[in-house]
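Novice: Let me give you the structure first, and then I'll get to my questions.
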Amino acid sequence: MNTISRLNSSFYLFFAALLLALCLLLAFPTTGEAHAILLRSNPPKDAILNAAPDQVQMWFSEDLNPTFSTAVVVNASNQRVDAGDAHVAAGDTKEMDLHLRPNLPPAVYIVIWRTQSADDGHVLRGSFIFSTDGTAPKLSGALPGQDALGGGGTSAGSSSGQLDGPTLFTLIMTTLVDLGVVFWVGAQLWSTFVLQLMETNDSEQYELYQRVEQRFERLFSLPTLLLILLANVGVLLGQGLSITGNRFDQLFNPTLLVGLATNGRFGTYWLMREIVVLLAILLSAYMLYARRRERHTSLIDMLFPWVNLILGLALLIAVTLSGHAAAVSANILVYAVLSDWLHLLAASLWIGGMFYVALIYLPILKQRSALEQTRSLLDVLPRYSPLAIVGVVIMAITGPFNATVHMYSWQQLLTTAYGRTLDIKVLLIGALLITSAIHVGLLRPRLAKAYARYRTESVVEATKTTAQSASSTGITSPAETKLLEGRILHQTKRLSTILRWEPVLGVAVLLCTGLLTVFAGTLQPTALQQPQQAQQVTTATKPFTTTVKTQDGKFTVTLNVNPNHLGSNVFTATVRDSKGAIDTNVGVSLYTTMLDMDMGTDSINLQPDGKGHFSASGDLSMSGDWQIRIEIRTPDNTLHEVNVRFFTPF
């Protein structure tokens, strides 16, 4: 079979495998929202009440895993005041409720919650306060109740940007999974689209490629799959550490681990990861046994790479569906998951291919003579370059899309651990592109030119042509031929050195990918995460003021938002009737909605200040575009409304 036919046949099979993978991808639909963060609550954060409510209700941005999502309420003395019945609402898997004890005295109360996303398995913690004594809730010092949800500590690294124990452990396990998956899938792509398509007329080259494949199968395939299997268990243990509050004595509780592996969509796709890896381990072990016993056939040899490739694509699907991309809003879910899967595929094509070159191909090649190394590099690398270029293009397309899916503000690139990690990842990919461009566009063409010239001279010398024929090559003596040979060897060594060290940048890129996973929680609004600190923001901002008429034209409202920044603000409204006179015989409520992100709607009931105005404190939980619906209620219970849009800086 000629090269073109083999190439066409392989690509047809590849696209068939790709189509199968996409069908598998769409066969497992999921639903989700942005991140598992608190969107709103009843009573609201920082609410001022005249009496204690019967219960606390909270609404989150993702479906909650009821097994590991819970909450408590404590007073300023760190004494629990809830009934111990925190639960996910039966009719809404994004809602968590708990009842309070009856006859609570006027005081400041703290709600501490912990959630596990049913979509991506992320564990987050948070808290908010409210008062029942009619005054603004205030607490000095550390917030009570931080150890109320499990063990002797908390795991807040994923939402605070700090690498605490559980977060560091999860980072290591996640990075090992990514490294193993990218390397193993990249090896299948290399075997299928590079080694399988090489010309077999040259027995020496064919024997070299056979040894390359055997090196991977004997020394790397099974260990890599076992690493993925164990690191995947480590990911589950990392979530257990977060849930138990870093309590190692509770970590290996069978009920905890089984619950993590079987509850929610994350558990489903975590199991799918393990099943795919186990199938690949069994297949790899069988092929090793069959080849040692010489019980394999040519049909098995032909099918083995393609079965492995399909398993690799399915593994990428399982990793994607149990990761961050599966926890976005439902209207872009399919695009986000597909984009993340393609991003992983691109990493396997490009970075996984680099790993294969450095760890598998070059050590075998080093056993050959210098000129044989040059010949093989110039034959193999041009066949790998199209895969790498496809990977670069896919990564360039999917990377920005993934960023826009998970981020809602340019400022998050500098103000969150997730954003800063993404900045570093972009820089590393840029460095990787530069090094790749150097050896593809500069070193390799020079080496190819020098080697072609050397081969021409060798033919001339072998056939003992005339001195005129020799001079036509530009080389007039054996000494210059020797000099050219030395130059070729030097260029080959330099190219091989770059190929060996280039994957180090790839490891750094995948480490950043792991950091993006564990720091996903830092994308939640700072005001929701630390209300006390959010009120201390001193960024210079200007109050927002506007005057609008209600939709029926019966009232004119002047609204002032001061200081109009992320965090706590004072909302003041002045209402005038159709004759321009201030009207205090009405009720005024505001309903705030974040337009850049689905965070629900919060209500603020304005109170008369005795000076003809209505005012109250409320939160703008992130910078960006906001809409406020102003609702005026007259004594006859008639509503008069108007919408106002404005921008809140950070």
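Novice: If each residue of separation counts as 0.36 nm, what is the full-extension length gain between Thr634 and Asp249 once their alpha-carbon separation is subtracted?
Specialist: 132.5 nm
Novice: Now for a separate question. Going 7 Å from the Cα of Leu414 in the Cα-to-Cβ direction, what parts of region 630-650 have a backbone nitrogen less than 20 Å from that spot?
Specialist: 647-650
Novice: Once you put a point 7 Å from the Cα of Glu372 and another 7 Å from the Cα of Leu219, both along the Cβ direction, what distance in nm separates them?
Specialist: Going from the Glu372 label point to the Leu219 one covers 1.7 nm.
Novice: Quick one: length gained pulling Lys549 to Ser77 fully straight, 0.36 nm per residue minus the C-alpha distance?
Specialist: Full extension of this stretch gives 165.1 nm more.
Novice: What FRET efficiency comes out for Asn562 versus Glu641 if R0 is 22 angstrom and r is the Cβ-Cβ distance? Round to the nearest 0.05.
Specialist: 0.45
Novice: For Asn605 and His490 in the same chain, what is the full-extension length gain: residue separation times 0.36 nm, less their Cα-Cα distance, in nm?
Specialist: That works out to 33.7 nm of additional length.
Novice: Determine the relative contact order of region 537-648: mean sequence separation of Cα pairs under 8 Å and six or more apart, normalised by residue count, in whole percent.
Specialist: Dividing the mean separation by the residue count of region 537-648 yields 25 percent.
Novice: If you don't mind, another one. What is the percent of Cα-Cα separations in region 544-650 that go past 21 Å?
Specialist: Here the long-distance tail beyond 21 Å is 30 percent of all Cα pairs in region 544-650.
Novice: Roughly what would the spin-label model give for Tyr289 and Asp133, points 7 Å off Cα along C-beta, in nm?
Specialist: About 7.3 nm, to one decimal.
Novice: If Rh is defined by the Kirkwood formula over all Cα pairs and Rg also comes from Cα, what ratio Rg/Rh do you get for region 218-277?
Specialist: Ratio of gyration radius to Kirkwood radius for region 218-277: 1.05.
All of the numbers you see were taken from the coordinates with simple rules; none came from a lab. These figures come from a predicted structure and were not determined experimentally. Here Cβ is always computed from backbone atoms with ideal geometry, including for glycine, and neighbour counts include all displayed protein chains.
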